[in-house]
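Asker: Let me begin by handing over the structure; questions about it come next.
Rule-based calculations on the coordinates, nothing more; no lab input. What you see is a predicted model; the values in this text were computed from it and never measured. Here the Cβ positions follow ideal geometry from the backbone for every residue, glycine too, while neighbour counts run over all protein chains shown.
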């Protein structure tokens with residue numbers, strides 16, 4: 001796996017500000033005793049873990065373990081029946097997705113939800129909606145301050161396009177791009193929100209080896225250069241063990257492991273439930 005690269009992307013004043021050096025900080029996200037049920041089916045049972053500022057935190061487990069349900073609780077798609085989530089010292093139990101986004105949490109999804117007929121640039125621009133001060137009518141007419149504001153946001157987005165190395169496709173409709181590049185656009189749209197915490201739901205699903213290496217590099221660059229805290233779900237264990245600082249393991253909606261990649265790799269419960277037993 002490629003190491004964290006040293007070269008910085010070309011950034012101007014409107015671009016994300018690179019961190020001087022990645023440092024793992026205090027707890028930024030604290031999940032406590034989360035339980036979630038759908039009818040009589042328990043998706044999550046008493047799940048607790050935390051995420052430290054600037055770290056890469058992975059959530060792994062077999063299909064149906066509750067990983068995506070956990071992300072949906074964090075970003076307000078689901079409301080758990082029990083437990084609480086604390087973000088930067090603010091505890092909430094009932095928060096919708098927009099409120100969570102306004103707090104600084106962005107999300108990508110396993111199944112792409114891009115606007116296939118729109119260009120790469122315009123898709124990433126949708127991630128700036130929460131940052132827009134002008135009203136919808138002023139934005140549509142592009143008059144006065146609204147036009148100047150849009151130009152500033154487009155300049156920001158252009159830096160993301162450069163950072164993700166998709167300059168050659170900036171005006172291409174997303175639906176015409178290969179799958180790996182579409183996933184990169186999805187990442188760009190989330191980055192356009194300038195998140196403090198970025199939730200990635202299987203960012204490398206369906207990719208070939210080369211595409212996975214590229215995506216791993218971009219994830220590490222976002223974490224290393226911009227200081228963005230990453231929480232990711234991923235099935236490729238090689239990727240998880242290589243890029244994560246800590247890993248939490250779910251199985252049938254319960255937590256069975258939590259620690260560094262080496263600690264999780266040696267956990268007997270994890271080996272039995274997920275990694276398989278060596279003979």
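Asker: Please report Rg (one decimal) and Dmax (integer) in Å for the Cα set of the range 166-224.
Answerer: 11.5, 31
Asker: Note the full-extension length gain between residue 242 and residue 263 as 0.36 nm times their separation in residues minus their Cα-Cα distance, in nm to one decimal.
Answerer: Extra length from residue 242 to residue 263 when fully extended: 6.2 nm.
Asker: Within 10 Å of each residue's Cβ, count the other Cβ atoms and sort 26, 53, 263 from fewest upward.
Answerer: Ranking 26, 53, 263 by Cβ neighbours within 10 Å, fewest first, gives 26, 263, 53.
Asker: Okay, next question. Can you tell me the length gained on complete extension of the stretch residue 98 to residue 272, counting 0.36 nm per residue apart and subtracting the Cα distance?
Answerer: 58.8 nm
Asker: How many angstrom separate the Cα center of the range 99-126 from the Cα center of the range 231-255?
Answerer: The distance from the Cα centre of the range 99-126 to that of the range 231-255 comes to 23 Å.
Asker: If you don't mind, there's one more thing I want to ask. If neighbour count is taken as other Cβ atoms inside 10 Å, put 49, 38, 115, 163 in order from fewest to most. The partial results should precede the final answer.
Answerer: Details: 49 20, 38 9, 115 14, 163 23.
Ranking 49, 38, 115, 163 by Cβ neighbours within 10 Å, fewest first, gives 38, 115, 49, 163.
Asker: Here's a follow-up. If you rank 48, 68 by fewest surrounding Cβ atoms within 10 Å, what's the result?
Answerer: 48, 68
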